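Following: one structure in structure tokens, then a few remarks.
The values are calculated or read from the model by the stated rules, or taken from the named source; none is laboratory data. Since we're looking at a predicted model, the values are computed, not measured. Heads up, the Cβs are rebuilt from the backbone with ideal geometry, glycines too, and the neighbour counts pull from every protein chain shown.
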Amino acid sequence: MSSSPQTCRINPSILSADFANLEAELGRISNADAAHVDVMDNHFVPNLTLGHPVVERLQKISPVPLDVHLMIADADRWAPAYADLGAASVTFHVEAAAAPIKLARELRARGAKAGMALRPATPVEPYLDMLPELDMLLIMTVEPGFGGQSFLDVTVPKIRRARAAVEEAGVDVAIQVDGGVTDETIIRAAEAGANVFVAGSSVYGKESPADAIEALRAGGLQAMPRAAANAS
């Protein structure tokens, strides 16, 4: 994962896919950069999705890498197991981690990219010193827990501040956004400095998810030169 604003990655969320046939649904997004897998425990967020056994099976059959997003309590205990099963990246919520630096290092040691997620109201500033420990910073653009929500514009300044901090630190950290990403909102997020985009209903809600991915990627790439200009 590159911190370069010129790198536009589209990671469709299978939360919006047909859970009855996930193998076929993964095949419909084979042109994506990764499949975003939301693990929810009905404790950290008020929803229950899927867990380790299902993700382990998805890892074996997916045509694209898995980008696992853990919306679970006690992330320090559970997150390393998702790295062990071969997920390309594992993202934990800082609000659910007792020792986030230790956890990020453990995920990397087990072969996964380490991601850290922030809820919309969680400020980024207290964690900027952690950037060298991370491969990705996920800024939630909706409240975590359910798909199909509208993009929260209040998060755009936080994306911009995160991008500025990454550039100032000179670290290779991707900035991911998750929630309400559409052909229109991806432009605002990309202009602010995001370069990895999670899209659920705006991909799986279209007749051709593959075409939807290409449209989102084109929109993000078009906006990214403006992000680079804003950062300079």
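Assorted remarks:
- Here the strands (runs of 3 or more DSSP E) wholly within the stretch 34-121 that include at least 3 residues being out of contact with any Cys (no Cβ under 9 Å at 6 or more places or on another chain), under 16 Å from residue 139 (Cβ atoms) and at pLDDT 95 or above are 66-71, 89-93, 113-118.
Table: residues versus (1) more than 15 Å from the chain's Cα centre (by Cα); (2) modelled with pLDDT of 95 or more.
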| site | (1), (2) |
| --- | --- |
| 180 | no, yes |
| 185 | yes, yes |
| 190 | no, yes |
| 193 | no, yes |
| 196 | no, yes |
| 199 | no, yes |
| 208 | yes, yes |
| 228 | yes, no |
| 232 | yes, no |
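- Of the numbered criteria (1) of a type outside the set (Gly, Ala, Ser); (2) touching a residue at least 24 places away in the same chain (Cβ under 8 Å); (3) in a helix (DSSP H, G or I); (4) surrounded by fewer than 20 Cβ atoms within 10 Å (Cβ to Cβ), the one residue 143 fails is (3).
- Considering (1) without any contact (Cβ under 8 Å) to a residue 40 or more places away in the chain; (2) more than 18 Å from residue 118 (Cα to Cα), the lone condition that residue 200 does not fulfil carries the number (1).
- Condition broken by residue 86, with the remaining ones in (1) at positive phi; (2) under 15 Å from the mean Cα position of the chain (by Cα) satisfied: (2)
- Checked against (1) crowded, with 20+ Cβ neighbours inside 10 Å; (2) farther than 21 Å from residue 34 by Cβ, residue 112 passes all but a single condition, namely (2).
- Residue 4 meets each of the listed conditions (1) out of contact with any Lys or Arg (no Cβ under 8 Å at 6 or more places or on another chain); (2) surrounded by 20 or more Cβ atoms within 10 Å (Cβ to Cβ); (3) at pLDDT below 95 apart from (2).
Okay, residues lined up against (1) out of contact with any helix residue (DSSP H, G or I) (no Cβ under 9 Å at 6 or more places or on another chain); (2) of a type in the set (Lys, Arg); (3) over 19 Å from residue 176 (Cα atoms):
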| site | (1), (2), (3) |
| --- | --- |
| 31 | no, no, no |
| 60 | yes, yes, yes |
| 80 | no, no, yes |
| 92 | no, no, no |
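- Any chance residue 158 is surrounded by fewer than 17 Cβ atoms within 10 Å (Cβ to Cβ), charged (D, E, K, R) and touching a residue at least 12 places away in the same chain (Cβ under 8 Å): no
- Condition met for residue 91 (within 16 Å of residue 196 (Cβ to Cβ) and touching a residue at least 12 places away in the same chain (Cβ under 8 Å)): yes
Table: residues versus (1) closer than 22 Å to residue 126 by Cβ; (2) surrounded by 20 or more Cβ atoms within 10 Å (Cβ to Cβ).
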| residue | (1), (2) |
| --- | --- |
| 167 | yes, no |
| 187 | no, no |
| 194 | yes, yes |
| 207 | no, no |
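- Boolean, residue 122 is crowded, with 23+ Cβ neighbours inside 10 Å, of a type in the set (Val, Ile, Thr) and touching a residue at least 24 places away in the same chain (Cβ under 8 Å): no
- Any hit, the stretch 24-31, residues being touching a Pro at 6+ places or on another chain (Cβ under 9 Å), under 26 Å from residue 220 (Cβ atoms) and in a strand (DSSP E or B): no
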